Amino acid sequence: MGMGDEIMATGIAKKIHAETGAKVAFGNPKGKLKRTIYPIIYANNPKIIKNGQELKDTKHVVWSDYCKGHRTYIANIETSKKERRYRWNYDFKAEPGEFFYSNLEKKKMAEKRIKEKYIVVEPHSKMGGAKDNKQWPLDRFQKVVNILSKEIKVFQPHYGKPKLKNTTPVVTNGLRMLSLFMKESAGFICNEGGVHHAASTVGTKGVVLFGGFIPPEITGYDFHTNLFTGGEACGSRYSCKHCKAAMEAIEVDEVVEHMRKIINV
């Protein structure tokens, strides 16, 4: 589990806070707070309990059992000698999350402001057991960039390797700053994951490549163009032919045309 999961937690907190006015504690409602392994995601967020002292000092608290080890978009994990896969909870729907930026973060991003129109392309997927299942082929990302870079400036986050040709690297120091950079962009393209969750915090439109691992009805956002081609979502923790075929079913021209509609070129 990664930063995207924690960004979804901010969406859960936003919804609960709007309904109750309470701060939200993630963990065991009997009083066991489960701290995030990515505290930067919750930084400055007045709606989330971040530590035991804050929990003691807060009068109005609502508990959510969404936390590391119990992500509620997962119904269960099926295990056997031959496979390990997630079974998805179709009652879960991701709410756009939110970041609370410091003045320093805003100042740093203002200094990076780009005057011309641009898009962000993040071709890489998170490392891990299911990485291959969530990765659109890099050569297709390159083909998309080759086409769109003739029409609009294309930035790629600096941390991913390999760097695509015809892109300009942008140093953003994490998803918080990347979200601010995407806020000013005309749109983005990425695999399902942390980047599309970060884009949700600022309402930026884009093309999200879901393939066949997890359905966009669960972790997708309605203002994104979510490309899912896998029939029944697989959820496999290992590289699987189904997910690979689902990703390969997404064509370059399809992504380009969807993106052109978003950026109006």
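Annotations for the structure displayed:
- Restricting region 97-126 to residues that are among the acidic types (Asp, Glu), surrounded by 15 or more Cβ atoms within 10 Å (Cβ to Cβ) and in contact with a Lys or Arg (Cβ under 7 Å, 6 or more places away or on another chain) leaves a set whose member that is farthest from residue 157 (Cα to Cα) is 98.
- Test: residue in region 168-181 that is more than 19 Å from the chain's Cα centre (by Cα) and over 21 Å from residue 101 (Cα atoms): yes
- Lone qualifier among 179, 149 - being over 28 Å from residue 84 (Cβ atoms), of a type in the set (Gly, Ala, Ser), assigned by TED's automatic domain parsing to the domain that holds residue 217 and surrounded by fewer than 19 Cβ atoms within 10 Å (Cβ to Cβ): 149
- So residue 207, is it of a type outside the set (Lys, Arg) and modelled with pLDDT under 95: no
- A Cβ distance below 8 Å, combined with a sequence gap of six or more or placement on separate chains, defines the contacts here; from region 250-265, residues that are closer than 10 Å to residue 144 by Cα and not assigned by TED's automatic domain parsing to the domain that holds residue 204 reach no residue that is among the polar types (S, T, N, Q) and at pLDDT 95 or above.
- Every residue from region 202-220 that is surrounded by 23 or more Cβ atoms within 10 Å (Cβ to Cβ) and not in a helix (DSSP H, G or I): 204, 206, 207, 208, 209, 210, 211, 212, 213, 214
The values are calculated or read from the model by the stated rules, or taken from the named source; none is laboratory data. Note that the structure is predicted; figures quoted are calculated from it, not measured. Note: ideal-geometry Cβ built from the backbone for every residue, glycine included; neighbour counts use all protein chains shown.
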